[in-house]
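This report concerns only the one structure given below.
The values are calculated or read from the model by the stated rules, or taken from the named source; none is laboratory data. All values derive from a computational prediction rather than experimental measurement. Using ideal geometry, Cβ is built from the backbone for each residue, glycine included, and neighbour counts are taken over all protein chains shown. Surface areas here come from the heavy atoms of the whole protein model, side chains and all, with no ligands, DNA or RNA. Shrake-Rupley method; radii C 1.70, N 1.55, O 1.52, S 1.80 Å.
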Amino acid sequence: RDNEVCDGHPLYAQLVRLRNSASVNVTEICLPAFSKGDMSDMIAAELRLPTRIVAELGDVVHRKTSGHILFAVELLNSMLRDSTIHFGLNSRRYCWRWETICSLKTDDNVASFIISNLSTWPPETLHTLRILACFGFHTDQGVLELLDASCVAPSGGLKSCIQNLVNIGVIEIVGGLVSFTHDLIQQNVYEEFELHQRQNLHYDIGVFLGAKVFANLTSTETESLEIRFDQMYISESKSAGESVISERSLLSIATDHINSAGPDFIVGQPQKELFAKWNLLVGKEMANISNFGSALHYYEEGIRFIGDGVWLDEYITNGKKLCFGLYEGAAAASLATRKGDLVEYYTSFIFQHASFENSLPSWIILMLSIESSGRYNEVLEKGINLFRRLGFVIPLSPPGPTEIMASLLSTSQMASSFTLSQIVDSRHYPIDDHKRNLFKLYTALIISTYALSSPYLPLLSFEMVQYSLRNTVFTPESAVAFAALGYFKVILAQNYLRGKFWANVALEMLKNSRPISATVQVNFTVNAYIMTWFVPMRESSRKLFETYRLGMKVGDFTMSMYALGLSLRYALLEGENLSLISRSLKENLKKMMKYSTVCAKLAVLDLIIVDELRGAESEPFAIFQGQLTNDSDLINDAIASSNANNVECAHFRRFYSAFWRADYIQAEASSQVLLSLPSSKRPKLISIYFYFFRGLLAFRRYRENNSEEQLRIGIETICKLEFWSQYAPSNFENKLFLLNAEQYASLPNIYEAKTQYEASINSARDNGRLHEQGLAFELMGNFLSSVTSYEPSEAMKCWKNAYLCYLQWGAKEKAACLFKEHNLNVFDVDSCGNPLKHSRDVS
């Protein structure tokens, strides 16, 4: 047919030779292109249906096959084979799934056929295709409507050419997007015309679209670097399509075209500087929506445009500002995408050519990058030196307890002269970049100083609170210091109410402000270390999970991973189903490994606990690819990086696991190691469970060897938990009942012991702590079995209920050990009922 063979086809060349041959008589039968009507008639005849019913089907088949009859037959046969077209028994005729047919992709053979005919198409159609190809596989219809009125469009306009291309199946329009029906068509069209032509077309498109965003394309105005998207506008004469294209999208599209043209195509430094600014603006917008990979791309493209002479002294002032913006942005985006080598590369340029004041943000970025690799001592050293250069008096040697408490006292006295309303009313006061950078520097030190258990952390926190009060700086950045003040009020002064007060002050500073990294850190500190003592544990877990999601949105991935890990640890220690905890840990391990190997190591410790309780082997250390193979490796790794927090968590894992598997000698040994660690003096989540289990161990040992020291430890533990429970009784009630029961069992006071065991069981059940309900049943069974006045069946009943609790918790291995230890009868276990459904009277 006329549309099936072009000039370059072998059959066409053979036909020409035959025509020119004197010995061959050629009779040509003219077959016009297969039209839509022809296609519908053919389908109607084959399916025995009226043409009006198959008209739309014929239209789609014609577009998908470019009217090529062989491809059409092949497509129809394939639709019959996969039942896209099928005989309907109810309708008694052929039917088809319209959604499936509309979503059919153009076949490779059809795409190749279209490509082979490109050279025969009219110039304006080819030019339209090239414009579309410059946008990639698809583009927004509104952008093309903008271009329709430009000099870039062919003489007849884009609209009519686009419709023709739709009709012949080269492109399609779905949901406002104009797309090629096959990527091979776009690729061939784009690569077919010369590089210089492509660059010129990209440049023309980019400049035209950029002109729609900016009123003035000159690069001489110094304020152009500070322009915001809400100051941009599209010209007043908008078509229907223009109105749906945002300024952000339009500038990014324009910038992409200029970048495709490349800096070598651009003539003149002013134009290159202008396009570098475009990249800077788009890069900032990408960073604002946490698309840091794209942000880094635009920053690097901007650097390409300004060239090698960017840091020369004779470079214009605004140009230097542009350089700082691009290099600093590239460093920040590299940090967010975990490319530490690029962070060092870009910040090194700034350190060489910028003043100390101007380079401070880059120092902060570099410190955060170093921190992400676990080099905490290096971060601390750099941070302390920077504070000293900024005029802060920081002692050369780490401050001792006396200095820290004196600083806390002076800070508290200064802060007491401010009311909450004074701070809240002042939070909208503008602050300069210098003050903001000071607080960012402090914030950049928090994770490292905490991991090191460094005494510099409280000292710096108090310094920053005092600086904030003196300078009336009450912003999200300074809120981090006030949250830290609340934390140290709790762990140093044991003043929980004042700690809560300053936590609320920090949260008030965040209100009505755009979420930033400081927002994440404040929420983490408040919910992980302060509100734990005032709200149910599960509420803290939920808040930490919300903090994790917020951190991912704003790009603070490290703090986000800490929040996620601690949220799961709260859930684990509070007795959530172990199978669910295991699944959550496994699902998030790769993400933690990507963003924070330190958090991944902590998560592996939790997964070991879960695996041991469940009797499962999930190979948690496989994530480290042979670098770490057991918990001893984790401890040695934490010691090597001076990460006191991870060392403590690793030894707590050993203690916790040993307790649940009833290896009390190992549990006692691990408890002594934990008590020797300086970081264990800070009250935290694991402190609650450590002291709870340590108290139970102490009473057990007292009954075994009558050691008064162990009795003293047990009683001190009760006093500690009673103090902690005054603000959130539900978190500690069942634990205190159980400790009291063990104390009475040790005296012995049989009646009080039994009463307290029962109270602990009921309280644990009411608060959803299956594991501690099972523990109370188990210990009560142990106690009753030692009392001659009780029948053995009473103890057996308690052990059976403990067994059921452990099973429902998901601790199959723990349940199996209990089953074996007490020789429980399977039938009796099955018939003893669900302890969760018992009345409050468990006796």
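Search region 737-746 for residues being of a type outside the set (G, A, S) and more than 22 Å from G768 (Cα to Cα), and hand back the single one that is least open to solvent (accessible area, probe 1.4 Å).
Within region 737-746, the subset of a type outside the set (G, A, S) is 737-740, 742-744.
Narrowing the set further to residues that are more than 22 Å from G768 (Cα to Cα) leaves 743-744.
Numbers: Q743: 38, Y744: 65 Å².
Of everything passing the filter in region 737-746, Q743 is least open to solvent (accessible area, probe 1.4 Å).
Identify, by number, the condition in (1) open to solvent by less than 40 Å² (accessible area, probe 1.4 Å); (2) over 30 Å from R498 (Cβ atoms); (3) hydroxyl-bearing (S, T, Y); (4) at pLDDT below 95 that S725 doesn't meet.
Tallying (1) open to solvent by less than 40 Å² (accessible area, probe 1.4 Å); (2) over 30 Å from R498 (Cβ atoms); (3) hydroxyl-bearing (S, T, Y); (4) at pLDDT below 95, S725 fails exactly one: (2).
List every residue pair whose Cβ atoms lie under 7 Å apart, where the two residues are 6 or more positions apart in sequence or sit on different chains, the first residue falls within region 676-688 and is more than 13 Å from M537 (Cβ to Cβ) and in contact (Cβ under 8 Å) with a residue 60 or more places away in the chain, and the second residue, located anywhere, is open to solvent by 10 Å² or more (accessible area, probe 1.4 Å) and not in a helix (DSSP H, G or I).
P678/S453; S679/S453
Does L779 qualify as being more than 39 Å from the chain's Cα centre (by Cα) and surrounded by fewer than 24 Cβ atoms within 10 Å (Cβ to Cβ)? Explain how you work it out, then say what you get.
Numbers: more than 39 Å from the chain's Cα centre (by Cα): yes; surrounded by fewer than 24 Cβ atoms within 10 Å (Cβ to Cβ): yes.
So L779 fits the description; yes.
Looking at G176, G210, can you tell me which residue is buried (at least 18 other Cβ atoms within 10 Å of the Cβ), of a type outside the set (F, W, Y) and within 38 Å of the chain's Cα centre (by Cα)?
Values: G176 fails: buried (at least 18 other Cβ atoms within 10 Å of the Cβ).
That would be G210, the only listed residue that is buried (at least 18 other Cβ atoms within 10 Å of the Cβ), of a type outside the set (F, W, Y) and within 38 Å of the chain's Cα centre (by Cα).
Quick one: in region 699-717, which of the residues that are touching a Lys or Arg at 6+ places or on another chain (Cβ under 8 Å) and in a helix (DSSP H, G or I) is surrounded by the fewest Cβ atoms within 10 Å (Cβ to Cβ)? Steps first, please.
Residues of region 699-717 touching a Lys or Arg at 6+ places or on another chain (Cβ under 8 Å): 707, 710, 713, 717.
Those left that are additionally in a helix (DSSP H, G or I): 710, 713, 717.
On the way: Q710: 21, I713: 19, T717: 25.
My answer is I713.
Of all residues in region 593-652, count the ones that are farther than 20 Å from S372 by Cα, more than 26 Å from the chain's Cα centre (by Cα), open to solvent by 40 Å² or more (accessible area, probe 1.4 Å) and hydrophobic (A, V, I, L, M, F, W, C).
The total comes to 0.
Being at pLDDT 75 or above and either of a type outside the set (S, T, N, Q) or within 45 Å of the chain's Cα centre (by Cα) (or both) is the requirement here; does A111 meet it?
Details: at pLDDT 75 or above: no; either of a type outside the set (S, T, N, Q) or within 45 Å of the chain's Cα centre (by Cα) (or both): yes.
Considered against the rule, which asks whether it is at pLDDT 75 or above and either of a type outside the set (S, T, N, Q) or within 45 Å of the chain's Cα centre (by Cα) (or both), A111 comes out as no.
Name every residue in region 548-579 that is touching a residue at least 60 places away in the same chain (Cβ under 8 Å), among the hydrophobic types (A, V, I, L, M, F, W, C) and closer than 19 Å to P620 by Cβ, in order of residue number.
Here is the first cut: in region 548-579, the ones touching a residue at least 60 places away in the same chain (Cβ under 8 Å) are 552-555, 557-559, 562, 566, 569-570, 573-575, 577-579.
Cutting the leftovers down to among the hydrophobic types (A, V, I, L, M, F, W, C) gives us 552, 554, 557, 559, 566, 573, 578.
Within region 548-579, L566, L573, L578 qualify.
What are the residues in region 245-292 that are farther than 29 Å from K553 by Cα, among the small types (G, A, S) and open to solvent by 50 Å² or more (accessible area, probe 1.4 Å), if any? Before the answer, list the steps.
First, the residues of region 245-292 that are farther than 29 Å from K553 by Cα: 258, 260-274.
Applying the additional criterion that residues be among the small types (G, A, S) yields 260-262, 268.
S260 - this is the single residue of region 245-292 that is farther than 29 Å from K553 by Cα, among the small types (G, A, S) and open to solvent by 50 Å² or more (accessible area, probe 1.4 Å).
Working only within region 154-173, note down all residues that are open to solvent by 10 Å² or more (accessible area, probe 1.4 Å) and in contact with a Lys or Arg (Cβ under 9 Å, 6 or more places away or on another chain).
Passing the criteria: V166, N167, I168, E172.
Select from region 421-452 the residues that are of a type in the set (S, T, Y) and at pLDDT 90 or above and write down the one among them that is farthest from M367 (Cα to Cα).
Residues of region 421-452 of a type in the set (S, T, Y): 421, 426, 429, 442-443, 448-450.
Now narrow it down to the ones that are at pLDDT 90 or above: 442-443, 448-450.
Details: Y442: 11, T443: 11, S448: 10, T449: 12, Y450: 15 Å.
Per the criteria, the residue is Y450.
Among (1) open to solvent by 30 Å² or more (accessible area, probe 1.4 Å); (2) farther than 25 Å from T558 by Cβ; (3) of a type outside the set (D, E), there is one condition R338 misses while meeting the rest; what is its number?
(2)
Which residue, of N762, N734, N749, is of a type in the set (S, T, N, Q), open to solvent by 10 Å² or more (accessible area, probe 1.4 Å) and within 30 Å of N577 (Cβ to Cβ)? Break it down into steps so the answer makes sense when it comes.
Working: N734 fails: open to solvent by 10 Å² or more (accessible area, probe 1.4 Å); N749 fails: within 30 Å of N577 (Cβ to Cβ).
The conditions single out N762.
Within region 369-376, is there a residue that is under 23 Å from V522 (Cβ atoms), open to solvent by less than 10 Å² (accessible area, probe 1.4 Å), among the small types (G, A, S) and under 29 Å from the mean Cα position of the chain (by Cα)?
no
Applying the selection to region 784-826, what residues are closer than 26 Å to P748 by Cβ, open to solvent by 50 Å² or more (accessible area, probe 1.4 Å) and in a loop (DSSP other than H, G, I, E, B)?
Listed by number, the residues that qualify are S786, T788, S789, Y790, E791, N823.
Which one is nearest to A600 (Cα to Cα) among residues in region 541-583 that are more than 20 Å from the chain's Cα centre (by Cα) and of a type in the set (S, T, N, Q)?
Checking each candidate, the answer is S579.
Restricting to region 607-638, what's the tally of residues that are more than 22 Å from K812 (Cα to Cα) and part of a loop (DSSP other than H, G, I, E, B)?
Residues flagged as more than 22 Å from K812 (Cα to Cα) and part of a loop (DSSP other than H, G, I, E, B) within region 607-638 amount to 6.
For the subset of region 508-567 comprising residues that are among the charged types (D, E, K, R) and touching a helix residue (DSSP H, G or I) at 6+ places or on another chain (Cβ under 6 Å), which member is most open to solvent (accessible area, probe 1.4 Å)?
Taking region 508-567 first, the residues among the charged types (D, E, K, R) are 508, 511, 514, 538-539, 542-543, 546, 549, 553, 556.
Cutting the leftovers down to touching a helix residue (DSSP H, G or I) at 6+ places or on another chain (Cβ under 6 Å) gives us 508, 543, 556.
Details: E508: 46, K543: 74, D556: 21 Å².
Per the stated criteria, the residue is K543.
Out of S294, S260, S252, report the one residue that is polar (S, T, N, Q) and either outside any helix (DSSP H, G or I) or within 16 Å of V213 (Cα to Cα) (or both). Can you show your working first?
Numbers: S294 fails: either outside any helix (DSSP H, G or I) or within 16 Å of V213 (Cα to Cα) (or both); S260 fails: either outside any helix (DSSP H, G or I) or within 16 Å of V213 (Cα to Cα) (or both).
It is S252.
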